[in-house]
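For reference, the structure discussed in these notes is given below.
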Amino acid sequence: MNRKIYAIILMFGLLSTISLAGNKKVLILGIDGCRPDALLAANTPNIDKLWQNGAYSFTTQTDEISSSGICWTGMLTGVWHDKHKVVSNAYKNPNIEEYPHFFRRIKAQYPDLTTASIVNWKPIHNILQEGDADIQKRRLFDWWVTCKAKRTVKKQNLDVLFVALDAVDHAGHVNGFSLDSSKYLKQIEKADKQLGKIIKALKTRKNYQNEDWLVIVTTDHGGSAYGHGKNIPEHTTIFYIAHGPSVSKGKIMEDVNVVDVAVTALHHLGVEVREEWQLDGKSAGLK
């Protein structure tokens, strides 16, 4: 190859990398109560594209108290329940002053970044403090959550968006958290379609080609029979999928935990993760 042409190609590649590095963004998509083996058994083309072209772990571990409040809090604070002190869905006396939502960590260092949280299950927002989320919405049904998330990611000057769907967990409680439950699998497939709509909306952003979006898809816990909450593999084994230009593609060989989600997001955004924060999570799947 001509040296001059090679230099030009190298220059454009470097400029592209620099451009993306200055415009890093995060989208976290949570599917409540979705077992990893059920996700793999269901027909989920949108999620399949993400993990097959991204970093993934289907043996990720969640909190030993595998209930929603504890696990969502671990995901969003980067610490286990012994630190964040949420030990039930009642959210009594959460230690959010010492271990806040990762949105607060972002705002402390980059106050101009725009954060948004759109969920079905309202208690997830119990750990948000004033000023943490620029956009904070709760919608009762997943299709409403999806519609609001689509509009937000498409139209807003956005840097971080957390979305949580809830219907898969409900289907598990009613029909069984099992690969033998067709209704449970069908709800996972429905969640896949909803996530696909959000991803499609993301790609229609005016400046999408110049943005470095880290998309994380995960869940809070698994389940068995008609419940969860125990410290057994069916309840504590979850999945973690990371997709985007800054991801190291392939199976993540290191152990991955639910507390890694917040820390990975912070690393991607360039937030300095300080030792005195005593976070339990680490960056997972990034280059």
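The table below lists the values:
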{"quantity": "Whole-angstrom gap from region 120-178 to region 252-287, using each part's C-alpha centre", "calculated": "22 Å"}
{"quantity": "Integer Hz, Karplus 6.51/-1.76/1.60 couplings in order for region 230-240, x for Gly and Pro", "calculated": "8, 8, 10, x, 4, 9, 9, 8, 10, 10, 9"}
{"quantity": "C-alpha long axis of helix 68-77 to longest principal axis of the chain, angle in °", "calculated": "20 degrees"}
{"quantity": "Directionally averaged shadow of the chain, computed from the convex hull of its alpha-carbon atoms, nm²", "calculated": "15.5 nm²"}
{"quantity": "Magnitude of the charge dipole, region 140-287, Cβ model with Lys/Arg +1 and Asp/Glu -1, debye to 20", "calculated": "1060 debye"}
{"quantity": "Shape of region 117-163, Cα gyration tensor, a/c cut at 1.5", "calculated": "oblate"}
{"quantity": "Integer Hz, Karplus 6.51/-1.76/1.60 couplings in order for region 244-250, x for Gly and Pro", "calculated": "x, x, 8, 9, 8, 5, x"}
{"quantity": "Largest-first ellipsoid semi-axes for region 124-249, taking √(5λ) over the Cα gyration tensor eigenvalues, angstrom", "calculated": "28, 17, 15"}
{"quantity": "FRET efficiency for residue 129 and residue 180, using Cβ-Cβ distance with R0 set to 35 Å, rounded to 0.05", "calculated": "0.25"}
{"quantity": "Dipole axis of the chain (+1 Lys, Arg; -1 Asp, Glu on Cβ), positive-most option in 208, 161, 267", "calculated": "208"}
{"quantity": "Gap separating the Cα centres of region 44-116 and region 189-222, nearest whole Å", "calculated": "17 Å"}
{"quantity": "In degrees, nearest ten, helix 182-202 long axis to first principal axis of the chain (Cα)", "calculated": "30 degrees"}
{"quantity": "Cleavage-rule hits (trypsin sites (Lys or Arg not before Pro)) in region 140-228: DSSP loop, at most 14 neighbouring Cβ within 10 angstrom", "calculated": "203, 206"}
{"quantity": "Residue 61 long-range amide H proximity, modeled H, under 5 Å", "calculated": "238, 256, 257, 258"}
{"quantity": "Linear extension gain, residue 110 paired with residue 209, 0.36 nm per residue minus alpha-carbon span", "calculated": "33.4 nm"}
{"quantity": "Cut-off under 5 Å, modelled amide H: who pairs with residue 28 long-range", "calculated": "161, 162, 163, 216"}
{"quantity": "Listed residue (229, 34, 182) projecting farthest to the positive dipole end of region 24-277, Cβ model", "calculated": "182"}
{"quantity": "Ranking of 91, 240 by count of other Cβ atoms within 10 Å, fewest first", "calculated": "91, 240"}
{"quantity": "Backbone HN-Hα couplings from phi across region 155-161 [Karplus 6.51/-1.76/1.60, Hz, Gly and Pro as x]", "calculated": "9, 7, 6, 10, 10, 9, 10"}
{"quantity": "Net length gained if the chain between residue 82 and residue 224 were fully extended (0.36 nm per residue, minus Cα distance)", "calculated": "48.6 nm"}
{"quantity": "Backbone N within region 50-87 under 18 Å of label point (7 Å from residue 274 Cα along the Cβ vector)", "calculated": "77-79"}
{"quantity": "Length added when fully stretched, residue 48-residue 232, from 0.36 nm per residue minus Cα-Cα", "calculated": "63.6 nm"}
{"quantity": "Dipole moment magnitude, nearest 20 debye, the chain about Cα centre, only Lys, Arg, Asp, Glu C-beta charged", "calculated": "1480 debye"}
{"quantity": "Charge dipole (the chain, unit charges on Cβ, about Cα centre) - positive-most of 71, 245, 102", "calculated": "245"}
{"quantity": "Charge dipole (debye, nearest 20) of region 83-178; +1 at Cβ of Lys and Arg, -1 at Cβ of Asp and Glu", "calculated": "220 debye"}
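All of the numbers you see were taken from the coordinates with simple rules; none came from a lab. Since this is a predicted model, take the numbers as computed values, not measurements. With ideal geometry, Cβ positions are generated from the backbone for all residues, glycine too; neighbour counts draw on all protein chains shown.
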